[in-house]
């Protein structure tokens, strides 16, 4: 099974390029939506294309939790002085 990934605006296009080069079906949200797109459009796109959203934006956990969404899946990265690290917060407490 090939993971289908949708990188949010805050994720560098070089990350998408690296994921694509590694064999993942990865696209950047800029390939599908205008830069001015509302945050609510991005989870809808992820769901319609069955993609996992990769983001650094806390808002997506809130958006998905408050609408009681079970899809799309979300991977949240937090920038630290040591680079990017995945965040394993329980979004149900948002």
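I need the calculated FRET efficiency for the pair residue 14 and residue 59, taking r as the beta carbon distance and R₀ as 25 Å, to the nearest 0.05. Working shown, then result.
Working: r = 23 Å, r/R0 = 0.92.
With a Förster radius of 25 Å, E is 0.60.
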Fewest first, what order do 4, 51 take by the number of other Cβ atoms within 10 Å? 4, 51
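Go ahead and run the numbers for FRET between residue 35 and residue 73, Cβ-Cβ distance against an R0 of 22 Å, rounding to 0.05.
Values: r = 24 Å, r/R0 = 1.09.
Step by step, r from the Cβ atoms, then E = 0.40.
No lab work stands behind these numbers, since they all come straight from the coordinates. Just so it is clear, the structure is predicted and the values come from calculations on it, not from any experiment. Note: ideal-geometry Cβ built from the backbone for every residue, glycine included; neighbour counts use all protein chains shown.
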